[in-house]
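Enquirer: Got a structure for you, written out below as structure tokens; questions coming shortly.
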Amino acid sequence: PELAHGNRGEKPAKPPSVTYGPVGFTRTVDGGSTWTSVTTISPRVANGRVSAPQAVIDSRTGRIYVVYYRADRESRAVALVTSNDGGRTWSEQRDIAAWVRGPRVKHPTTGDDITLAEDIVRPAIDGRTGAVHVAYADARVADGKQFAVSLVSSSDRGESWRAPLAVSTEATETAWLPAVAVDA
């Protein structure tokens, strides 16, 4: 298609090999008046991405969990890094759940392909036990046919994770904006 800036049908150049990420972290100890320098806390991903990081803090221990979506040419996953010292040092990245690719989703009125925000992950911590829960949407529930919400949980400070649990069930509508909260 011809672009507004005057492309006259020339083929676009092949995009270069791109590296995305990483997740950065900065902290304040004075209510936001000053901040530390941004620190890289996740790996860069060649020809892929690291996106939508979400941080939660265990109020009992001070441990920081940063959960995010990670994708490269080989795989996609919900990944995690942790810090036990207020963000001064960070663990190695670990994948906590494989992400299952789903079908192209069609706009209900136009039929055009639309892109879902597959990188939205939502963590929450149980303030009583320290259990960590992460909700995300992929096509695991419907065997790759439809997006639905899944939940993974860890009761040992993020060292091991239970297999994903289907939170939403196979239905006629796609589920793709997960949320999770823990009450008393």
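Enquirer: What part of the accessible area of the stretch 19-105, given as a whole %, is carbon or sulfur when the probe is 1.4 angstrom?
Expert: Values: 2220 of 4740 Å².
Using a 1.4 Å probe with all protein chains present, the stretch 19-105 comes out at 47 percent carbon and sulfur.
Enquirer: Summing +1 for each Lys or Arg and -1 for each Asp or Glu, what net charge is found among the other residues whose Cβ lies under 15 Å from the Cβ of I41? Working shown, then result.
Expert: Working: positive: R27, R44, R63, R70, R88, R94; negative: D85, E92.
Local charge sum for I41: +4.
Enquirer: If Lys and Arg each add +1 and Asp and Glu each add -1, what is the summed charge of the other residues whose beta carbon sits under 9 Å from the beta carbon of G158?
Expert: So the environment of G158 carries a net charge of +1.
Enquirer: Efficiency by 1/(1 + (r/R0)^6): what FRET value for R157 and R104, r their Cβ-Cβ distance, R0 = 25 Å, to the nearest 0.05?
Expert: Numbers: r = 38 Å, r/R0 = 1.53.
Working from the Cβ atoms, E equals 0.05.
Enquirer: Further, regarding this structure: Would you kindly state how much longer the chain becomes between S75 and D30 on full extension, computed as 0.36 nm times their sequence separation minus their alpha carbon distance, in nm to one decimal?
Expert: Contour length minus Cα-Cα distance gives 12.2 nm.
Enquirer: Tell me, what is the per residue accessible area of the stretch 71-184 in Å², probe radius 1.4 Å?
Expert: On the way: 6400 Å² over 114 residues.
Ligands and nucleic acids excluded, the result is 56 Å² per residue.
Enquirer: Among 149-158, 91-100, how do they line up from the highest to the lowest mean number of other beta-carbon atoms within 10 Å? Could the numbers behind the result be given before it?
Expert: Values: 149-158: 18.6, 91-100: 17.0.
Going from most to least packed, we get 149-158, 91-100.
Enquirer: What distance in nm separates the simple spin-label points at D183 and D95, each placed 7 Å from Cα in the Cβ direction?
Expert: About 3.6 nm separates the two model spin labels.
The values are calculated or read from the model by the stated rules, or taken from the named source; none is laboratory data. Everything numeric in this text was worked out from a predicted model, so none of it was measured. Using ideal geometry, Cβ is built from the backbone for each residue, glycine included, and neighbour counts are taken over all protein chains shown. For the accessible areas, the whole protein counts, side chains as well, though only heavy atoms, and no ligand, DNA or RNA atoms are used. Shrake-Rupley method; radii C 1.70, N 1.55, O 1.52, S 1.80 Å.
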